[in-house]
Amino acid sequence: MTNREMNARVGAITERIVKRSHDTRTRYLERIGKAASDGTQRSHLGCANQAHGFAACGIADKGVLRGGVAPNLAIITAYNDMLSAHRPYEHYPELIRSAAREAACTAQVAGGVPAMCDGITQGEAGMDLSLFSRDVIALSTAVALSHQTFDAAVYLGICDKIVPGLVIGALSFGHLPAVFIPSGPMPSGIPNPEKAKVRQLFVEGKVGREALLDVEARSYHAPGTCTFYGTANTNQMLMEIMGLHLPGASFVTPDTPLREALTRAAATRALALTALGNEYTPIGRLLDERAFVNGIVGLNATGGSTNHTLHLVAMAAAAGILIDWQDFADLAEVTPLLTRIYPNGSADVNHFHAAGGMGFLIRELLDVGLLHRDAGTVFGQTLEAYTQEPGLDGDGALVWRDAPAQSGDPAVLRPVADPFQATGGLKLLNGSLGRAVIKTSAVAPERHVIEAPARIFHSQEALQAAFKAGELERDVVAVVRFQGPKAIGMPELHKLMPPLGSLQDRGFKVALVTDGRLSGASGKVPAAIHVTPEAVEGGPIARLRDGDLVRLDAVAGTLSVLVDAQEWAARPLAAEDLSAAHEGVGRDLFAPFRTAVGRADQGASIFTGGAA
């Protein structure tokens, strides 16, 4: 039995976002409406401007561009051949140009954006640039589109900060249609639990570096995204459930005939959406409050990356939409967890895709009214069309078929009637230590409440050293502070999981509290992350001392220190000399970012740093 009506709670949360965003969204829509009413920008350029824009084109493309009546498609690419997920993009521009020519149109690489890998920089100085790279990508997108010679754009990006940055940049040019084109996940390597086990054994000194490198190389072994469900693959889920991918495009593996057909089709759809045709669909209007609520529901239903409690807020703000962490928590309460993908289970995204994937997931959520069925999409239809999956017919042509009626593997993907748990597992924590978020979908229920003495650290390295010295062999709440966006750029602290997981496996009560990030690979240790206000801004976390009793309660939604209120109020704030973390590996160049960046619950963005 299905319910075609909108879930009342989801509808109410959407409506409060609409009301909260009324003024900012109205101003945004007026701005992109004016840009659209000015018509094709290319036609207003001077002759010299236009000549510069097509000087390097071939004769046929030059003739089309000179005519000025056929759409010209911008390609914004995050290609590099170091990141496995982005290597497949090397040949996409030619596929896109070819598809455009078949439609008597043109396509040009408008510009490139940086793409860094958090997997390479984990625990290294370069990680301090990671979150800021999102805003650099948005700026780079704006530079690429500033030539105003385009009628629509396709975006080639997939990993952690790249997709959110591209969305923010695209929304700055919100009068242009936009289609996002994924590259897909690499084939499955060794089982994820085996990888996690060897990582922990290495931290415990039970295996050597050669064994660790071998298991990592067999896990990350081919072109495509890493197969665990971290931020990169959460990005792909979001782009599909928010209507910016073609149906079923997210998790088709690279370098296959189906992947190529989807890429060509995406370019064709982008050209069909321009103001020069009859299906004008600017991204600034498509990404409305309904689309962002759909994204948050999808995040909760899949146990997706906690990084999106930052990214979705920043992306929405770029469209004049104001989202709060409370919206995430309230939507989690009515959204069942329908997937178990590592680190929330042992399977990877290829197993999820094979079990029914996005088409099955979207249909299940639509059938109980948890998604806005009428939300717009680049496919030219409502979200209902995303209950299909792509394939090739006998002639190699792209076709869409209904997604499977039943899950192919209930250990990975389940219907709403039989979820893994009743709620999405994302909780907002409030208390005497500030605001934070926690993802509990991979945490055992008996560990959802941890009360233990604090041990204070001001770096990942200090915690690692204490673990190796045997100083953490007890119940402990590890507090790693001065990691926030203003302090050092809010790095991910994923390398803390093996030592903390090892302590937990020995029977100790263990939790992490930090104003840094942890990502979608947060795993089994309860972690209150993104604590705001951060320590460097005088947040309460800066008052903590070793031995203070800290209570993390993911059931009640609290994060508190159990210290006498009068004593707590009288305590001075800790300080830290962060100058060493502001130099080297380009970090000195990002001083303006650290000054301008906003709070974590405002998206940790330089564009919303002044937000109230």
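If LEU463 satisfies all but one of (1) out of contact with any Phe, Trp or Tyr (no Cβ under 7 Å at 6 or more places or on another chain); (2) farther than 19 Å from HIS582 by Cβ; (3) not small (Gly, Ala, Ser), what's the number of the condition it fails?
So LEU463 meets the others, but not (1).
Can you tell me which residue among ARG66, ARG20, ARG16 is over 26 Å from LEU166 (Cβ atoms), under 30 Å from the mean Cα position of the chain (by Cα) and among the basic types (Lys, Arg)?
Selected residue: ARG16, the only one of ARG66, ARG20, ARG16 that is over 26 Å from LEU166 (Cβ atoms), under 30 Å from the mean Cα position of the chain (by Cα) and among the basic types (Lys, Arg).
Scan region 276-304 for residues that are more than 25 Å from GLU364 (Cβ to Cβ) and modelled with pLDDT under 95 and report the count.
3
Within region 230-238, does at least one residue satisfy the condition of being more than 21 Å from THR309 (Cβ to Cβ) and in a loop (DSSP other than H, G, I, E, B)?
no
Cβ-Cβ below 6 Å, separation at least six or inter-chain, first residue in region 428-456 and surrounded by fewer than 22 Cβ atoms within 10 Å (Cβ to Cβ), second part of a strand (DSSP E or B) and polar (S, T, N, Q): which pairs?
Pairs found: GLY431/THR558; GLY431/SER560; SER432/SER560; ARG435/THR532.
Of all residues in region 141-160, count the ones that are under 27 Å from MET237 (Cβ atoms) and either in a strand (DSSP E or B) or free of Cβ contacts under 8 Å to residues at least 40 places away in the same chain (or both).
Summing the residues that are under 27 Å from MET237 (Cβ atoms) and either in a strand (DSSP E or B) or free of Cβ contacts under 8 Å to residues at least 40 places away in the same chain (or both) in region 141-160 gives 6.
Given the residues SER605, SER579, which is the only one that is over 24 Å from the mean Cα position of the chain (by Cα), among the hydroxyl-bearing types (Ser, Thr, Tyr) and farther than 17 Å from GLY539 by Cα?
It is SER579.
Just wondering, is there one or more residues in region 573-584 that are in contact with a Phe, Trp or Tyr (Cβ under 6 Å, 6 or more places away or on another chain), surrounded by fewer than 21 Cβ atoms within 10 Å (Cβ to Cβ), in contact (Cβ under 8 Å) with a residue 60 or more places away in the chain and of a type outside the set (A, V, I, L, M)?
yes
Which one of GLY501, GLY557, GLY539, GLY516 is at positive phi and touching a residue at least 24 places away in the same chain (Cβ under 8 Å)?
Checking each option against the conditions leaves just GLY557.
Does GLY111 fit the bill of being modelled with pLDDT under 95 and crowded, with 16+ Cβ neighbours inside 10 Å?
No, not satisfied.
Can you pull out the residues in region 449-492 that are within 12 Å of VAL525 (Cβ to Cβ) and either assigned to a loop (DSSP other than H, G, I, E, B) or of a type outside the set (Gly, Ala, Ser) (or both)?
Of everything in region 449-492, those that are within 12 Å of VAL525 (Cβ to Cβ) and either assigned to a loop (DSSP other than H, G, I, E, B) or of a type outside the set (Gly, Ala, Ser) (or both) turn out to be ILE450, VAL476, VAL477.
Can you tell me which of SER183, SER133 is without any contact (Cβ under 8 Å) to a residue 60 or more places away in the chain and within 22 Å of TYR220 (Cβ to Cβ)?
Numbers: SER183 fails: without any contact (Cβ under 8 Å) to a residue 60 or more places away in the chain.
Answer to the check: SER133.
For region 63-88, name all the residues that are surrounded by 16 or more Cβ atoms within 10 Å (Cβ to Cβ) and of a type in the set (D, E, K, R).
ARG87
On the basis of being closer than 30 Å to LEU552 by Cα, without any contact (Cβ under 8 Å) to a residue 12 or more places away in the chain and out of contact with any Cys (no Cβ under 7 Å at 6 or more places or on another chain), does ASP418 make the cut?
Yes: the conditions hold for ASP418.
Please determine, by comparing only the residues of region 176-191 that are of a type outside the set (Ser, Thr, Tyr) and surrounded by fewer than 22 Cβ atoms within 10 Å (Cβ to Cβ), which one is nearest to THR281 (Cα to Cα). Lay out the reasoning, then the answer.
Narrowing region 176-191 to residues of a type outside the set (Ser, Thr, Tyr): 176-182, 184-187, 189-191.
Still in the list and also surrounded by fewer than 22 Cβ atoms within 10 Å (Cβ to Cβ): 187, 189-191.
Numbers: PRO187: 34, GLY189: 39, ILE190: 42, PRO191: 42 Å.
Checked region 176-191; the qualifying residue nearest to THR281 (Cα to Cα) is PRO187.
Would you be able to say whether some residue in region 370-382 is within 16 Å of GLY304 (Cα to Cα), buried (at least 24 other Cβ atoms within 10 Å of the Cβ), among the aliphatic types (A, V, I, L, M) and within 22 Å of the chain's Cα centre (by Cα)?
Looking for residues that are within 16 Å of GLY304 (Cα to Cα), buried (at least 24 other Cβ atoms within 10 Å of the Cβ), among the aliphatic types (A, V, I, L, M) and within 22 Å of the chain's Cα centre (by Cα), one finds none in region 370-382, hence no.
List the helices (runs of 4 or more DSSP H) inside region 302-368, counting only whole elements, that have at least 1 residues being touching an Asp or Glu at 6+ places or on another chain (Cβ under 6 Å).
325-334, 349-355, 357-367
The values are calculated or read from the model by the stated rules, or taken from the named source; none is laboratory data. This one's a predicted model, so the numbers in the text were calculated from it and none came from an experiment. A quick note on method: Cβ atoms are made from the backbone with ideal geometry, for glycine too, and the neighbour counts reach across all protein chains shown.
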